[in-house]
Amino acid sequence: MGTSLLRTARCLRNLTIKQLADEARIGSSTVWRAEHNYSINAESRRRLCQYFGMSARELGLVEDEPQQSGQEPVPEASAPASPAHSLHLPLLVQQKTARQGHELMPHEPEIAHEQRAGAWLALNATELSTLFEAGWTMDEVLNSLRVVLRGAQGMPPSVRQKITRISDLVPSSDKHISMEERTRLCTTLQESVAEGWQRFQTMRPTEVLVSAQAQLYLVQQTHDLLFPELRYSLYAALYNLIGAAAYLQGSYAAAQQAYTRAHIAALEGADIWNMAQNLNWQAIVANVRGQYESAIANIEAALRLIANEQSEEYVRLRAHLLADWAYNASLLQDSYQTEEKLDASSQLLEKLGPHEEFDAAQWQQMSGSSMLNLKHYSRAINHLQTALRQQPEAWIIRRARTLVPLAEAYARKRELEASLGTAKNLVPLLADIDSSMLNQRFTEYQQVLVKVFPHEPRAQAFINSVRQRQLLPGRP
């Protein structure tokens, strides 16, 4: 009875479980329990009644057989478990009626740990399923969840309890957080953020953005528990990641705002690595806006910051910055500086292997794009083809950013078949990535195609087929 009445009232107001929880100022898990006929505490019941303007009986929130004491039955505590494995989950069992007594039968075991874990998974899977309504696939949900869980697994149970707002289900814990727990929390959050960046090349910008926002929430909720030397680095890295995702979505103002926050966090933590990374991302946004001199100025500032750093990660970053400098120089038609910076970048990469930050494959891609800007089409094609051969198939962002200039280079060299063949390989990739920035670059490629082959029916047929797939801006 309770499930149907509360759910009916919620649906009549066109509310999701989360929306109702927010409006009534209770936890989402409390709404789920109430709709599935599990007991909830008196305060949560009062808030639901106040929100709907209905009695507890009208919402189905009262027991069929009231307790003789007139008090709400309280969920029993689970059997003792080691702190490392305790999920602090509510016992999802019905209380015994007065006729049966409140004690378990002599041979009836307490609810198993696996049952509680299963109930918790079901509850939260229901919440996560709203992502399917937003068009996410199963793999996309699981990929994003993996990144966030990497950080959440190191949290002490009392901290997880606070974040998930289940204090109305489980008594709150004021247990002191030990140094060991703080260290584990910091380590797992650091690993989570690193994995988020590693997956930047393999996930859609929307997935990256959602995962990064979830990670940021975890960091914010555990702010006081994080060691100061790590705290601001996590903020800076996450704001940079949010900015990078916004950039791929074509939201350049949002990207700049995120980069500004990242820069402030990096400054507060005296974090040279993230300060340099942030300056490079700001250079990328300046590049998109056509401010090539400003982009180079940011890159020079980043290089000065890391001038005395000699570890592998900084050598790789220096190579990345030099390649970005070369690309901006090519847009200014400065051939000498383009070649000089590309050569310097290449020398730094000689002893370094593949890496999502920057590697030989990305150097080839940057070199190809630079040669395209300088109208050296044959050299551009050679570099870009080499980049494709070296790139992992799963790195969809890099592959798309290589295929777009390759298709354009073929077109400008008047090799129509090769250009169209490359572009056809790009179309499904762009559909999967769903990046406004990359879609815009693809639109610009098609404008080149029309300009170079104005009377070629094959070129027009390709453009029409793309429009039918609804990939282009301004589509019907």
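Brief remarks on what is shown
- Here the helices (runs of 4 or more DSSP H) wholly within the range 385-476 that include at least 2 residues being in contact (Cβ under 8 Å) with a residue 60 or more places away in the chain are 396-412, 416-433, 436-452.
- When A323, A319, A407 are screened for being within 21 Å of Q447 (Cα to Cα) and of a type outside the set (K, R), only A407 passes.
- Taking the criterion of being buried (at least 18 other Cβ atoms within 10 Å of the Cβ), closer than 23 Å to Q440 by Cα and polar (S, T, N, Q), the residues of the range 258-316 that qualify are N280, Q282, N287.
- S369 meets all of the listed conditions (1) crowded, with 19+ Cβ neighbours inside 10 Å; (2) over 28 Å from the mean Cα position of the chain (by Cα) but one, namely (2).
- Of the residues making up the range 196-254, just one is among the basic types (K, R) and part of a loop (DSSP other than H, G, I, E, B), namely R204.
No lab work stands behind these numbers, since they all come straight from the coordinates. In this text, all values refer to a predicted model and were calculated from it rather than measured experimentally. Neighbour counts are summed over all protein chains in view; Cβ atoms, including those assigned to glycine, are modelled from backbone coordinates with ideal geometry.
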